[in-house]
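Undergrad: Can you read through this structure? Questions will come right after.
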Amino acid sequence: MAVPALVGISLVLFTVLALAPGDPFEELATNPNVPAEVRQNLRVQFGLDDPVPVRYVRWLTSMVRGDWGFSFVSRVSVDALILQRLPTTLFVLGSAQLLGLLIALPVGIFSAVRPYSLFDQVATTLAFIGFSLPTFFTGLLFILLFSIYLDWLPFIYRSDIDASGLRWMWESLKQGLMPIAVLGLFQGASLTRFTRSAVLDVIRLDYVTTARAKGLSEGATIVKHVVRNALIPVVTLVALQVPAVFTGAVITEQIFRVPGIGSLLIGAILSNDTPVVMAITFVFSCLVVLFNLIADVIYGWLDPRISYR
Amino acid sequence: MAAEGTASEAVGGGVRLARARESDSLWHEAWRRFRRHRLAMVGATVLAVMIAAVVTGPLVYRVAINEIDFKAKLEAPSRVHPFGTDDLGQDLLARILYGGRISLTVGLTAMLIAISIGTALGALAGYLGGMVDHVLMRITDLFLSLPQLPLLLLIVYLFRDTLRKTLGPEAGVFVLIVAVIGGLRWMPVARLVRAQFLSLREKEFVEAARGLGATPLRQVLGHILPNATGPVIVAGSLDVAAAIIAESSLSFLGLGFPPDIPTWGRILFDAKDTLDFAPHWALLPGTAIFLTVLSINYIGDGLRDALDPRRVLGR
């Protein structure tokens with residue numbers, strides 16, 4: 001299932017690129033120091049004048065082999081560039097997703113156990129506001145509040161902190177706090193709503209009444225019987241939201257200047273650095289497919305009725 | 001209820017009158033339920049006020065959006081400039097009103113595109129079934145697993161200059177952004193419509209229509225589609241909010257509308273570097289986006305309660 005998806009995604013990406021006007025060597029063309037035949041040689045060397053299917057197959061095979069070419073701008077190989085940035089992005093994304101789940105699960109479950117209580121109403125309203133606030137605005141609000149008015153947190157993310165040991169950890173935590181919080185709160189808001197409705201769907205079922213009737217404590221009923229079943233759709237949603245999380249990541253990385261692959265992407269787009277743009281979009285797609293796969297595995301573990309043959 | 005309404009139409013023209021009254025009361029009923037959703041009503045009011053403001057505002061508040069005045073740069077809100085000014089001394093109220101027109105139009109148009117594509121593909125897949133269904137749903141899955149923003153950025157960047165040359169700066173960027181946002185958001189609608197079609201096409205009233213010799217087109221347009229509109233309207237309302245956010249995100253990253261067209265996201269992008277001494281510049285457009293999106297989301301929530309009878313029964 002994962003391989004056809006990746007091939008499909010690569011086809012879409014390549015089609016977009018092949019249809020696009022513009023020439024990666026446009027800058028060379030306007031540069032009077034580069035003679036026309038050098039440009040022509042470069043075109044032949046990179047195979048830019050070959051027919052589209054040939055270019056696609058060549059691009060895909062080199063993509064699979066891990067040979068992603070060189071950045072037009074920095075002359076560094078693309079995979080080195082991405083590998084250098086990827087850990088930061090995954091750290092911020094992972095922590096944000098974790099924070100979102102840590103908020104969403106308890107709040108969503110508690111809201112659903114006591115629907116229409118004061119707690120539920122406050123929580124649902126906050127969740128609604130939370131996912132209506134676009135991340136770029138929350139990010140600016142956080143900077144305004146915590147960096148400018150309160151002066152607690154730095155608003156520029158640095159990868160070269162000149163400190164070591166505990167101090168280094170403290171500094172990196174402090175600078176990661178705002179991007180993680182912005183993304184995590186946004187994720188948490190939509191997950192809370194979803195957890196709540198998933199638990200509400202399950203809690204009314206007969207088997208829950210049975211569990212209560214046989215004398216199980218309320219806590220055990222909720223945790224062992226309700227939550228396990230309610231989590232199944234939540235897991236799917238977490239995986240399906242991975243593309244949306246990347247969207248948030250690109251924006252937060254841009255606001256807080258986090259040196260991750262999101263900001264690398266924007267930089268590459270602005271400087272017409274096609275190999276980098278293509279590779280990053282491809283990496284994002286691979287991650288999406290990977291998370292869908294993980295979700296399927298967890299799904300099978302949560303719900304033994306599903307089997308993979 | 002809706003099913004019976006259309007079924008009676010299939011039986012003959014004699015009961016048309018009854019159908020008209022019944023479908024009338026159906027929408028009436030939905031409106032009654034929508035009104036009961038207090039926050040949805042608040043959202044509808046706020047949105048109505050904002051639409052009225054951006055439509056009539058520039059006619060009443062006649063200040064140019066691009067009048068540069070360096071003496072009045074980065075001013076906080078005052079009597080001359082109710083929303084303050086930006087780094088070139090341009091009036092922010094005028095710019096936000098103008099930007100609202102674009103942001104809202106982008107949201108609505110992109111939603112219409114997404115719904116049209118989604119409904120068409122979903123109807124095809126659901127009605128025809130079999131191989132067509134299988135292929136269309138695989139395509140839908142493929143589109144769902146595309147990373148939206150990176151792809152959006154890629155397409156906008158690659159095609160922006162060409163479209164700008166052929167259609168002019170404003171129209172070119174508008175067409176491009178609307179098409180791309182709409183073209184990447186149809187998948188949930190397609191799935192919804194397909195699911196509705198799969199169950200509706202087996203219902204008795206559709207069978208009756210088929211038995212009476214209704215062409216496939218008439219079955220789809222006259223009988224199945226009207227009964228599948230509820231979820232589409234709900235999804236559509238939420239798509240408007242999502243499209244507004246997508247457009248603002250693009251502009252916020254500097255890859256949306258050019259600087260001389262002040263959409264809300266673009267104003268935020270320009271304002272983000274002077275947050276420390278001109279916070280109003282970022283806060284006002286940001287609040288405008290937030291209020292619009294929040295209102296639309298609440299309206300969507302109200303519409304869901306109003307149009308989906310099962311949810312109301314469930315409570």
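Undergrad: With labels modelled as points extended 7 Å from the Cα through the Cβ direction, what inter-label distance (nm, one decimal) is found for B:Leu59 paired with B:Thr215?
TA: About 4.3 nm, to one decimal.
Undergrad: Gain in length, A:Leu237 to A:Arg212, computed as 0.36 nm per residue apart minus the alpha-carbon separation, to one decimal in nm?
TA: 6.1 nm
Undergrad: Considering protein heavy atoms only and a 1.4 Å probe radius, which residues within the stretch B:123-155 exhibit an accessible-area decrease of no less than 30 Å² in the full assembly relative to the chain by itself?
TA: B:Leu142, B:Ser145, B:Leu146, B:Pro147, B:Leu149, B:Pro150, B:Leu151, B:Leu153, B:Leu154
Undergrad: Note every residue of the stretch A:267-288 with a reduction of at least 50 square angstrom in accessible area, all protein chains present versus the isolated chain, computed with a 1.4 Å probe, or write none.
TA: A:Ile269
Undergrad: If I ignore ligands, DNA and RNA and count only protein heavy atoms, how much of B:Leu128 is accessible to a 1.4 Å probe, in Å² to the nearest 10?
TA: 100
Undergrad: Determine the order of A:Thr138, B:Thr263, B:Thr45 by accessible area, beginning with the largest, at a probe radius of 1.4 Å.
TA: B:Thr45, A:Thr138, B:Thr263
Undergrad: Right, next: Any idea of the total accessible area buried by the A-B contact, 1.4 Å probe, rounded to 100 Å²?
TA: Chain pair A/B: roughly 3900 Å² of buried accessible area.
Undergrad: Please work out the FRET efficiency for the pair A:Leu83 and B:Trp27, using the Cβ-Cβ distance as r and a Förster radius of 56 Å; give the result to the nearest 0.05.
TA: For A:Leu83 and B:Trp27, the calculated efficiency is 0.45.
Undergrad: May I pose another question? Given H placed 1.01 Å from N in the peptide plane, which residues other than close sequence neighbours of A:Phe70 have an amide H under 5 Å from its amide H?
TA: The answer is A:Val78.
Undergrad: For the stretch B:28-312, count all C-alpha to C-alpha pairs, find those more than 23 Å apart, and express that count as a whole percent of the total.
TA: More than 23 Å apart: 61 percent of the Cα pairs in the stretch B:28-312.
Undergrad: Largest first, how would B:His280, A:His225 line up by accessible area (1.4 Å probe)?
TA: Result of the area sort, largest leading: A:His225, B:His280.
Undergrad: In addition: Can you list the residues of the stretch A:234-264 with backbone N under 17 Å from a point 7 Å past the Cα of A:Glu171, pointing along Cα to Cβ?
TA: A:258-259
Undergrad: Could you pull out every residue, at least 5 positions away or on a different chain, whose amide H is within less than 5 Å of the one on B:Asp91? Hs are placed 1.01 Å off N in the peptide plane, and Pro or chain starts have none.
TA: Under 5 Å from the amide H of B:Asp91: B:Glu67.
Undergrad: May I pose another question? Quick check: at a probe of 1.4 Å, how many percent of the accessible area of the stretch B:28-312 sits on carbon and sulfur atoms?
TA: 66
Undergrad: Right, another one. Treating the Cα atoms of the stretch A:50-106 as identical point scatterers in vacuum, please give the log10 of the normalised Debye intensity I(q)/I(0) at q = 0.19 Å⁻¹, two decimals.
TA: These q points yield log10 I(q)/I(0) values of -0.78.
Undergrad: What is the local net charge at B:Pro216, summed over the other residues whose Cβ is closer than 11 Å to its Cβ (Lys, Arg +1; Asp, Glu -1)?
TA: Surrounding charge for B:Pro216 is +3.
Undergrad: Moving to a separate point now. How much accessible surface area, in Å² rounded to 10, belongs to the heavy atoms of A:Tyr299 with a 1.4 Å probe?
TA: Looks like 60 Å² after rounding.
Undergrad: Related question: I need the calculated FRET efficiency for the pair A:Tyr149 and A:Phe91, taking r as the beta carbon distance and R₀ as 30 Å, to the nearest 0.05.
TA: Calculated value: 0.65.
Undergrad: Grab the Cα-Cα distance for B:Val42 and B:Ile233, subtract it from 0.36 nm times how many residues apart they are, and report the gain in nm with one decimal.
TA: Contour length minus the Cα-Cα distance gives 66.9 nm.
Undergrad: Additional query: What nm value, rounded to one decimal, do you get for the distance between A:Arg257 and B:Thr274 when each label is placed 7 Å out toward the C-beta?
TA: That separation, rounded to one decimal, is 1.9 nm.
Undergrad: Note the full-extension length gain between A:Leu11 and A:Ser271 as 0.36 nm times their separation in residues minus their Cα-Cα distance, in nm to one decimal.
TA: Additional length available on full extension: 91.2 nm.
Undergrad: On to the next question. From the protein chains alone at 1.4 Å, what is the descending order of accessible area for B:Asp260, A:Asp303, largest first?
TA: Sorted by accessible area, descending: B:Asp260, A:Asp303.
Undergrad: Follow-up. Assuming R0 = 51 Å, what is the FRET efficiency of B:Asp260 and A:Asp303, from their Cβ-Cβ distance, to the nearest 0.05?
TA: Computed FRET efficiency for B:Asp260 and A:Asp303: 0.40.
Undergrad: For a quick check of understanding: with a 1.4 angstrom probe and all protein chains in place, what accessible area in square angstrom does A:Val202 have, to the nearest ten?
TA: 20
Undergrad: Over every pair of different alpha-carbon atoms in the stretch A:63-138, take the mean of 1/r and invert it; report that Kirkwood radius in Å.
TA: Here the Kirkwood hydrodynamic radius works out to 16.1 Å.
The values are calculated or read from the model by the stated rules, or taken from the named source; none is laboratory data. Since this is a predicted model, take the numbers as computed values, not measurements. As a convention, Cβ positions derive from the backbone with ideal geometry for all residues, glycine included, and neighbour counts pool all protein chains shown. When the accessible area is computed, the model is the full protein with side chains, heavy atoms only, and any ligands, DNA or RNA have been set aside. Shrake-Rupley method; radii C 1.70, N 1.55, O 1.52, S 1.80 Å.
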